[in-house]
Amino acid sequence: MKKSLMALGALFMLGGVASAQKVTFEEYKLDNGLHVILHNDPSAPTVITSVMYHVGAKDENPERTGFAHFFEHLLFEGTENIKRGEWFKIVTSNGGVNNANTTDDRTYYYEVFPSNGLELGLWMEAERMLHPIINQIGVSTQNEVVKEEKRLRVDNQPYGSFLAEVKKNIFKKHPYRWATIGSMDHLDAATLEEFQAFNKKFYVPNNAVLVVAGDFKKEQAKEWIQKYFGPIKKGAAIKRETFVEEPITQTIRAKFEDANIQIPAIVTAYRTPSMKTRDARVLDLISSILTDGKSSRLYKKIVDDKKMALQIGAFSISQEDYGTYIIYGLPQAPNTAEDILKEMDLEIVKLQTELISEKDLQKLQNKFENQYVNDNSTIEGIADNLASFYLLYGDVNLINTEIDIYHSITREEIRDVAKKYLNPNQRLVLDYVPSKDKAQN
C-alpha cells in the first residue's frame, strides 16, 4: 500500500514556473528558420545546448499514436557521423550529461558539457537534425525499449493509467485524448517509411528552437551555430489542424479497473483553457490553495482533521491548446469515494462563494515567487524555460514577466475562475478502482 501511495505521489509531482531574477538573452533566426536563443552566464564553467521541436503527441496520426515519444528514443540511435550506440559514450567521455523528454506539445533534447564542450554539443544536435540514421534496426530496437518503458511506467505501475483514462474521457476530438506514450499496436504496425516521413516533416530547423545557455563566448557560439546548423535545409511549412472541443455540460461518469492497486481513487477532472491564458495561472493558485502542503484546505480538512482520506491532490496540467484540472483522493475506510467527492465539492463551493483572506493571498504570492526563483536556479532550468516560452507561448520574455502575472491575480479572480470552470456539470468523475479479479484474490 505504501508503495502505491508513493507511486501516485510521484506520478503527480509537477514543476514550478520560472525565475524572478532578470534573465538576459539574445534571440535571432537563421535563414533556414531555426530560432536561436543565447543566454550567457559565466558563473559556472558549464554550458547547455538544447533543441526543442514543436512536435508532440498531438501532432500524430490517430492510427499511429506514440510517434513523438518514440522519436525521443529513436534520435539517439546515431547519425551519419555518430555510430550506432556511440551517442552516450561521446557525451560521457567528454564530461557531459544528456537527456530528452516528450509532451503532447513538444519534444526536447539537451546536452550539458563543461564550457569547452560547446562546439561538440552544437555539432551533435546539428547531426541529430541534419542526417539521423532511421533504419529498421534502430526502429526495432527502440520499439522494445518503449514497450518495456510502458510495462514499467504504465502497465505495472500503481495508478499508472490514471492520466490516460482522464484524457480519454475528457477529450473527444482533440489529440490530447490519447496517452503520450501511445499505442504499442500502432508502433508495431508502422512501416519504416512512416517513421522516416514523420522525421522529415517535423524535425526540421523551421520547427525548432536552439538554446545555448551558460559559460561561452557569444561571437564564437554564433560562428559555430552558423557552421553546423546554417547548411541544414528548411523543411516544408507544417499545416496544423485546429481541434475545438464542445463544452462539457453534464457530468461524465467513467470507471477504470487497475490490477496494480488495492486502494481506490476518486478523480474529478475539468477541461480548462490554454496555458497561455490568465485563467490557467489563476487555476495554478487554486490548486495551491486546495492541496499544496499540509496546511492546504483539502489536506487539512479531509486527511488531517477528518481522517477520511489517505491522500488528496489537485493540479492543473497546462498545455498549448487546452488544460486539464484534476482533483483526486484516496478514501480511508470506512469512508467511500462518494464521501470524499462531497467534501471536495464543499471546498470548491467555498472558493466560489467566499474570498480568500489577504493573508492567504500573500502566502500564495510568496510561494509562487519561491517556485519562480527555484526553477531558474540552474542553466538547465533557464534553457528549458527559454525554449518553452518561445515555442509554446510565443514570448521569450515571459521568463522575466510571468511572475508579474501571478502577482497581479486578485482574490476576486480566484473566486470567479473557480466559479467559471469547477462546476459539477463541467467535469469527469472517474472511479479508479482495484480490478475485480484482484479483489477476489
Ratio of alpha-carbon Rg to the 2.2 N^0.38 Å globular estimate for the range 294-334, to two decimals, please. 1.41
Nearest-0.05 FRET efficiency for ARG278 and ALA164 at R0 = 35 Å, using Cβ-Cβ distance, is 0.75
Could you name the lysines in cross-link range of LYS227, using Cα to Cα under 27 Å and dropping any fewer than eight places away on the same chain? LYS29, LYS83, LYS89, LYS200, LYS201, LYS217, LYS218
Considering every pair of different Cα atoms, what Kirkwood radius, in Å, is found for the range 226-333? 17.2
Please list 323-331, 360-368 highest first by mean number of surrounding beta-carbon atoms within 10 Å per residue. 323-331, 360-368
Tell me the relative contact order for the chain as a rounded percent, counting alpha carbon contacts under 8 Å between residues six or more apart. 24
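Kirkwood hydrodynamic radius, the chain, all distinct C-alpha pairs: what's the number in Å?
That comes to 23.3 Å for the chain.
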Write down the accessible area per residue of the chain in Å², having rolled a 1.4 Å probe over the full set of protein chains. 45
Round to the nearest 0.05 the FRET efficiency obtained for ILE90 and GLU257 when R0 = 35 Å and r is the Cβ-Cβ distance. 0.15
Cα-only Rg/Rh for the range 312-383 with Kirkwood Rh rounds to 1.09
If R0 = 25 Å, then THR401 and GLN362, at their Cβ-Cβ distance, give a FRET efficiency to the nearest 0.05 of 0.75
When the chain is fully extended, how far beyond the present Cα-Cα distance does GLU27 get from ASP305, taking 0.36 nm per residue of separation? 94.9 nm
How big is the dipole moment of the range 92-233 about its Cα centre under a simple scheme where the beta carbon of each Lys and Arg is +1, that of each Asp and Glu is -1, and everything else is neutral? Debye, nearest 20, please. 520
If you count only protein heavy atoms and use a 1.4 Å probe, how large is the accessible surface of LEU355, to the nearest 10 Å²? 70
Unit charges on C-beta of K, R, D, E only; dipole of the range 327-372, Debye: 180
Inter-probe distance in nm under a simple model that places probes 7 Å from Cα toward Cβ, at ASP188 and PHE243: 2.4
Counting Lys and Arg as +1 and Asp and Glu as -1, what is the net charge of the other residues whose Cβ lies under 12 Å from the Cβ of GLU246? +2
Whole-percent carbon and sulfur contribution to the accessible surface of the chain (1.4 Å, no ligands, DNA or RNA) stands at 51
For LYS294, go through the lysines and keep the ones whose alpha-carbon is under 21 Å away, minus same-chain ones fewer than eight residues off. LYS2, LYS3, LYS306, LYS307, LYS342, LYS350, LYS359, LYS363, LYS367
How large is the helix-only mean residue ellipticity at 222 nm for the chain, computed as the sum of -39500 (n - 2.57) over DSSP H runs with n ≥ 4, divided by its residue count, in deg cm²/dmol to the nearest 500? -12000 deg cm²/dmol
Size of electric dipole in the chain: Cβ of Lys, Arg +1 and of Asp, Glu -1, about Cα centre, debye, nearest 20: 740
Gap in Å between the Cα centre of the range 253-301 and the Cα centre of the range 304-338? 5
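The values are calculated or read from the model by the stated rules, or taken from the named source; none is laboratory data. Computed from a prediction, not measured in an experiment: that's the story for all the values here. Cβ sites come from the backbone with ideal geometry, for glycine too, and all protein chains shown count toward neighbours. Remember, those area values only see protein heavy atoms, side chains included, never the ligands or the DNA or RNA. Shrake-Rupley method; radii C 1.70, N 1.55, O 1.52, S 1.80 Å.
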